[in-house]
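Notes to accompany the following structure.
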Amino acid sequence: MKRLALVLGLCLLPALPGCSSHDEPEAVAPPLPPNLSPSELARGREACQTYADRVCQCATSQPDLATECDLAKARPDALAMTTAGLADKHGPRDVAALRVSARQIIKACIEADARLDPATCPRPAQAP
């Protein structure tokens, strides 16, 4: 019986915290999101402004879009404030959060513009 207890004790010993001979690898910080390129930022600004202009133009004939127009007007400013923060000196976590936030704003503008019905809210004519 003592041998069985000894064998079980030796088998279970590595399972106890702090008793393992294997060292756990240290946690590695996730990589920072890539910088916003000037062209990505310019396209994002244009997408947000185009969406705001489009939804507000449609709100004149579709009163149910009035609230969306008010919200859309704030998106270009929100993007500008977020990207202005990137120029300031911040720690890596803050920079990562600002990059992610800017991309989320741009994504929201593009997706909201895509949800507008082109039959009732036409897109502006694009230059060739």
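The values are calculated or read from the model by the stated rules, or taken from the named source; none is laboratory data. For clarity, every value in this text was computed on a predicted model and none was experimentally measured. Cβ coordinates were reconstructed from backbone atoms using ideal geometry, including for glycine residues, and neighbour counts include every protein chain displayed. For the accessible areas, the whole protein counts, side chains as well, though only heavy atoms, and no ligand, DNA or RNA atoms are used. Shrake-Rupley method; radii C 1.70, N 1.55, O 1.52, S 1.80 Å.
Rolling a 1.4 Å probe over the protein heavy atoms leaves residue 46 with an accessible area of roughly 120 Å². Take the alpha carbon atoms of the stretch 99-128, find their center, do the same for the stretch 32-93, and report the distance between the two centers in whole angstrom. Between the Cα centre of the stretch 99-128 and that of the stretch 32-93, the gap is 10 Å. Placing a label point 7 Å from the Cα of residue 32 along the Cα-to-Cβ line, the residues of the stretch 95-120 whose backbone N sits under 13 Å from it are 95-100. Restricting the trypsin sites (Lys or Arg not before Pro) of the stretch 41-107 to loop positions (DSSP other than H, G, I, E, B) with no more than 12 neighbouring Cβ atoms within 10 Å leaves 89.
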